[in-house]
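A.B. asks: Let me begin by handing over the structure; questions about it come next.
The values are calculated or read from the model by the stated rules, or taken from the named source; none is laboratory data. Computed from a prediction, not measured in an experiment: that's the story for all the values here. Don't worry about glycine lacking a Cβ; one is built from the backbone with ideal geometry, like all the others, and counts go over all protein chains shown. Protein only, heavy atoms only, side chains kept; ligands, DNA and RNA dropped before computing areas. Shrake-Rupley method; radii C 1.70, N 1.55, O 1.52, S 1.80 Å.
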Amino acid sequence: TSADDNRDPDLVNDLDLKVTGPSGTFYPYKLSYTNPDDPATTSGENNVDNVEQVYISMPSAGLYTITVDFDEASLTGGTQHYSLLISGNTGDVDADGMPDFWETLYFNGSTNAIATADLDGDGSDNLTEYIAGTLPNNTGSVFKVTSFSTPLSNGAPFVVNWNTVEGRLYNVGYSVNLVYGSLTNYLPGAINLPYTQNSYTDTVERAGSAHFYRVDVRLEQ
C-alpha cells in the first residue's frame, strides 16, 4: 500500500555519525530501499535510521576522531540528546601492560617494547611512560610537578601544579617526614582527580615547618 511504500524519513533531527582515523573516514551501515537484498553499505551518511553503527574491522594504530553532527540549518527544539557507545579491544598480545597500538606506534611492533627498559634514558621505563601518558622516545617528556607556590605564612594555602594527559587520574599525597611518613596519605579531595584538573590547593594540611608532596598518576580504567 502507499502507507507501506512511504520513503520519507521520520527523523525529527537527523544526526549523523562518522569516525575519522589514520586509514580515512568510516561511515555507518545503511541499507538500500530499492535493493533490500543487497548487503549494507558504508559509503556515506545514514539519513534514515535513528541508531547508527560504525564498525572498523582492522583499525590502524593512531588517533581517531568521532563526529556527531547534523545537516539541517538548525535543530528542531534547539537541542538534541544522544547516546554514544564505544567498544573494542585495545589488545595486549604479550600481556606486558602496554597495549599493542602504543607499542606499534613507538616501537614498530606490538611486542617490541620491553616494559622495564628505558628507551630515552630519562629515568622512566617504558611501562611507566605509558601509564603517565608521556613519550617513551623523548627525554623532555616526563611526568612532573610543573610549579608550586609556597605559603608565606601558615594561614596561606599551598598550590601544586602538574602535567595532565587524557585518560589518566591523579592523586596528591603529603607527609611531614620522608623517613617515617607516607606520601600515599592523600589529601582531602585529591583522590582520582580527572585529567582536566592540573592543580591542587591544600588549605588543610599546609601548616608546619616542613611539608612534602607527591602527585601519583594512574590509568583511568
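A.B. asks: Are any of the residues in segment 189-197 assigned to a strand (DSSP E or B) and within 18 Å of the chain's Cα centre (by Cα)? It would help to see each step written out before you state the result.
C.D. replies: Of segment 189-197, the ones assigned to a strand (DSSP E or B) are 193-194.
Next, only the ones that are within 18 Å of the chain's Cα centre (by Cα) stay: 193-194.
Yes, segment 189-197 contains a residue that is assigned to a strand (DSSP E or B) and within 18 Å of the chain's Cα centre (by Cα).
A.B. asks: Still on this structure, please answer the following. Could you look through segment 99-127, keep only residues that are in contact (Cβ under 8 Å) with a residue 12 or more places away in the chain and β-branched (Val, Ile, Thr), and pick out the one that is nearest to ASP216 (Cα to Cα)?
C.D. replies: Looking at residues that are in contact (Cβ under 8 Å) with a residue 12 or more places away in the chain and β-branched (Val, Ile, Thr), I get ILE114.
A.B. asks: A follow-up question, please. So which residues in segment 152-192 are of a type in the set (Phe, Trp, Tyr) and modelled with pLDDT of 85 or more?
C.D. replies: Start the filter on segment 152-192 by keeping residues that are of a type in the set (Phe, Trp, Tyr), which leaves 158, 162, 170, 174, 180, 186.
Within segment 152-192, PHE158, TRP162, TYR170, TYR174, TYR186 meet the criteria.
A.B. asks: Another one. Quick check: anything in segment 60-73 free of Cβ contacts under 8 Å to residues at least 40 places away in the same chain and over 20 Å from the mean Cα position of the chain (by Cα)?
C.D. replies: First, pick out the residues of segment 60-73 that are free of Cβ contacts under 8 Å to residues at least 40 places away in the same chain: 60, 73.
Okay, now just the ones that are also over 20 Å from the mean Cα position of the chain (by Cα), so 73.
Within segment 60-73 (the criterion being free of Cβ contacts under 8 Å to residues at least 40 places away in the same chain and over 20 Å from the mean Cα position of the chain (by Cα)), the answer is yes, since at least one residue qualifies.
A.B. asks: What is the residue count in segment 204-221 for residues that are touching a strand residue (DSSP E or B) at 6+ places or on another chain (Cβ under 8 Å) and open to solvent by 80 Å² or more (accessible area, probe 1.4 Å)?
C.D. replies: Initial filter on segment 204-221 (touching a strand residue (DSSP E or B) at 6+ places or on another chain (Cβ under 8 Å)): 205-206, 211-220.
This time we only want the ones that are open to solvent by 80 Å² or more (accessible area, probe 1.4 Å), so: 214, 218, 220.
Residues meeting the conditions: 3.
A.B. asks: Please report, ordered by residue number, the strands (runs of 3 or more DSSP E) entirely within segment 1-99 with at least 3 residues that are open to solvent by less than 50 Å² (accessible area, probe 1.4 Å). Break it down stepwise before answering.
C.D. replies: Details: elements: 15-21, 24-26, 65-70.
Counting at least 3 such residues, we get 15-21.
A.B. asks: Being of a type outside the set (Ser, Thr, Tyr), in contact with a strand residue (DSSP E or B) (Cβ under 6 Å, 6 or more places away or on another chain) and on the phi > 0 side of the Ramachandran plot is true for just one of GLY133, GLY97, GLY167. Which residue is that?
C.D. replies: Details: GLY97 fails: in contact with a strand residue (DSSP E or B) (Cβ under 6 Å, 6 or more places away or on another chain); GLY167 fails: in contact with a strand residue (DSSP E or B) (Cβ under 6 Å, 6 or more places away or on another chain).
One residue alone meets the criteria, GLY133.
A.B. asks: Here's something else I'd like to know. Among the residues of segment 41-74 satisfying the criterion of being more than 29 Å from PHE101 (Cα to Cα) and in contact with a strand residue (DSSP E or B) (Cβ under 9 Å, 6 or more places away or on another chain), which is modelled with the lowest pLDDT?
C.D. replies: ASP71
A.B. asks: Conditions: (1) assigned to a loop (DSSP other than H, G, I, E, B); (2) within 21 Å of the chain's Cα centre (by Cα); (3) within 30 Å of GLY140 (Cβ to Cβ). THR104 meets all but one. Number of the miss?
C.D. replies: (1) is the only condition that THR104 fails.
A.B. asks: Let me ask something else about it. Among the residues of segment 110-121, is any charged (D, E, K, R), touching a Leu at 6+ places or on another chain (Cβ under 8 Å), surrounded by 13 or more Cβ atoms within 10 Å (Cβ to Cβ) and farther than 20 Å from GLY167 by Cα?
C.D. replies: In the first step, residues of segment 110-121 are kept if they are charged (D, E, K, R); the result is 118, 120.
Those left that are additionally touching a Leu at 6+ places or on another chain (Cβ under 8 Å): 120.
Restricting the remaining residues to those that are surrounded by 13 or more Cβ atoms within 10 Å (Cβ to Cβ) gives 120.
Cutting the leftovers down to farther than 20 Å from GLY167 by Cα gives us 120.
For segment 110-121, residues charged (D, E, K, R), touching a Leu at 6+ places or on another chain (Cβ under 8 Å), surrounded by 13 or more Cβ atoms within 10 Å (Cβ to Cβ) and farther than 20 Å from GLY167 by Cα: present.
A.B. asks: Looking at SER110, SER149, can you tell me which residue is more than 28 Å from ASN171 (Cα to Cα) and touching a Phe, Trp or Tyr at 6+ places or on another chain (Cβ under 9 Å)?
C.D. replies: Details: SER149 fails: more than 28 Å from ASN171 (Cα to Cα).
After applying the criteria, what remains is SER110.
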